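Here the structure comes first, spelled out in structure tokens, and everything after it is commentary.
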Amino acid sequence: MAQLSEDCFAFGGALCPVDKALSLIEEKVQPVVENERVALSQACGRILAQDLVAPFDLPPHANSAVDGYALAFADLSAESETVLPVTGLAAAGHPLARPFVPGEAIRIFTGAAMPEGADTVMMQEDCVVERGFVRLKPGLRKGANRREAGEDVTRGTIALCAGRRLLPADLGLAAALGCRELEVRRALRVALLSNGDELFEPGTPLPAGAIYDSNRHLLKGLLRGLGAAVSDLGILPDREAALREALLSAAGEHDLIVASGGMSSGEEDHMKRAVESCGSLHFWRLAIKPGRPVAMGQVGSVPFLGLPGNPVAVAVTFIVLARPFLFRLAGALAPSPLVFRVRAAFSYRKKKGRREYLRGRLRGEGKGLLADRYPVEGAGILSSIVRSDGLLILDEATTAIDPGEEVDFLPFSEVLW
Ligand code: AMP
Ligand code: MG
């Protein structure tokens, strides 16, 4: 269990810049320490616990990149055609069973081990074969169509580094290096709950004034996508005693508690009082829009992350804060999603001093990508996330964007899965 020291998320400043929040997370959150070995088939999305050092060269042997004829470059004439006898065969998985002799050509297929002494392969499309001989055009480069042993990964070097979140290509590479299992960090156990008397479970009738709980379903998918084992605590009412009971029981067996709703200051404050009664809670007035405030706290020594109620603010604060928090807690390297520069097709005015995230849609045009703002803006418009491509990020110093100016674009595909 990751242990937090007492009241570690205290933040004294008035408005907390995103970068400050991220460095506090890096500083205060201790990663889980337990590891486990899992089969490759179970390792997708998990965090690699130890460097994977290549136990041998990849590929293990020099081999042919094409179907053709393997030969010694020294046997080729530079100016005119060369004719060589075809005296053996090497196919993938079936190397030439005898030593190569200079002066011969070996019929070879893609992936077959290069016969020792043959350094070059001529593609079959560039050869003419006649009665056991092959006629080769001049002009071939020494070493052509030959893949060297170790050209992919060299023996003894790090193929995958500790802290990496394993994705399908990583598993392919691990398999190529002979791994059946990998040492990964234990999956985070995350308790997830929604809070609000207006919330109902999809599939049940909806009373007047009520809405269905969408945040929990959004968050469950995001948390699972990051490899967490999620316990769904359901919808909790706006009642301090019920919240307190749920929090205390969740703290016993989880690494993190994630809640959404009930975090806005000035409202009924049930969640705030509930968390404070069994730990501590701080409203980080993040200098972002949408999304502030986000509450960071602890129930006993288990971290508590209180996200806003509005679904768009949930998505944005998850991307900006919760995701780095989870990476850190899981023992992963800090995430560094790709951000692209695109050209704005809109104008926008904003306050200095806070970072704003606009939902954006991209369209290709001439030399590059143009970004439109999603036309409907509110923090409750969940369909705006579904129908946008990502977030346009306007940093703290920016006050105005006009058409044609460059702006940072973070694709949802980088962060929302
Ligand atoms: P709150 O943070 O509780 O003041 O909620 C802010 C807004 O988000 C209100 O309109 C809530 O109805 C809405 N909201 C809170 N929780 C959820 C949820 N789990 N799913 C959908 N909307 C929610
Ligand atoms: Mg509420």
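Every number in this text was worked out from the coordinates using simple rules, so none of it is lab data. None of these values were measured; they are calculated from a predicted model. Cβ sites come from the backbone with ideal geometry, for glycine too, and all protein chains shown count toward neighbours.
Positive-end ranking of Val184, Leu226, Ala241 along the dipole of the range 150-291, with charges on Cβ about the Cα centre, is headed by Val184.
About its Cα centre, the range 23-140 has a charge dipole of approximately 340 debye under the convention of +1 per Lys or Arg Cβ and -1 per Asp or Glu Cβ, with nothing else charged. When the charge dipole of the range 340-414 is built from unit charges on Cβ atoms (+1 for Lys and Arg, -1 for Asp and Glu) and taken about the Cα centre, the candidate among Val386, Phe340, Leu410 whose Cα reaches farthest toward its positive end is Val386. With each label modelled as a point 7 angstrom along the Cα→C-beta vector, the Glu148-Asn35 pair spans 3.2 nm.
Taking Cβ atoms as reference points and 12 Å as the exclusive limit, the residues near Ser231 contribute a net charge of +1, counting Lys and Arg as +1 and Asp and Glu as -1.
Near the amide H of Leu286, within less than 5 Å, lie the amide hydrogens of Cys16, Val294, all on another chain or at least 5 residues away, with H placed in the peptide plane. Residues in the range 106-117 carry Karplus couplings, in order, of 10, 4, 9, 10, 3, x, 6, 4, 5, x, 4, x Hz; the curve used is 6.51 cos²θ - 1.76 cosθ + 1.60 with θ = phi - 60°, and Gly or Pro positions show x. Legend: ranking of residues Asp67, Asp19 from fewest to most surrounding C-beta atoms inside 10 Å; resulting order Asp19, Asp67. Between amide H atoms placed 1.01 Å from N, distances below 5 Å from Arg46 occur with Leu166, all of them 5 or more places distant or on a separate chain. Pairs spanning more than 26 Å between alpha-carbon atoms, out of Lys20/Lys350; Lys20/Lys367; Lys20/Lys272; Lys20/Lys289: Lys20/Lys367.
In plain terms, the residue of Val128, Val29 with the fewest other Cβ atoms within 10 Å comes first and the most crowded comes last, giving Val128, Val29. Counting beta carbons within 10 Å around each of Glu79, Glu406 and listing the fewest first gives the order Glu79, Glu406. For the range 186-200, backbone phi angles converted through the Karplus equation (6.51, -1.76, 1.60; θ = phi - 60°) give residue-by-residue couplings of 4, 5, 5, 9, 10, 8, 10, 9, 10, 9, x, 5, 7, 8, 9 Hz, Gly and Pro being listed as x. Here the range 340-414 is assigned +1 on the Cβ of each Lys and Arg and -1 on the Cβ of each Asp and Glu. Its dipole about the Cα centre then comes out at about 180 debye. From the square roots a ≥ b ≥ c of the eigenvalues of the alpha-carbon gyration tensor of the range 340-414, which class results: rounded (a/c under 1.5), prolate (a/b over b/c), or oblate? Cα axes put the range 340-414 in the oblate bin. Rounded, prolate or oblate: which fits the range 227-296, taking a ≥ b ≥ c as square roots of the Cα gyration tensor eigenvalues, rounded meaning a/c under 1.5, else prolate when a/b beats b/c? Oblate, because a/c is 1.5 or more while a/b does not exceed b/c.
Think of it as helices only: each DSSP H run of n ≥ 4 in the chain is worth -39500 (n - 2.57), and spread over all residues that comes to -4500 deg cm²/dmol at 222 nm. Dipole magnitude for the chain: about 520 debye, using +1 per Lys or Arg Cβ and -1 per Asp or Glu Cβ, origin at the Cα centre.
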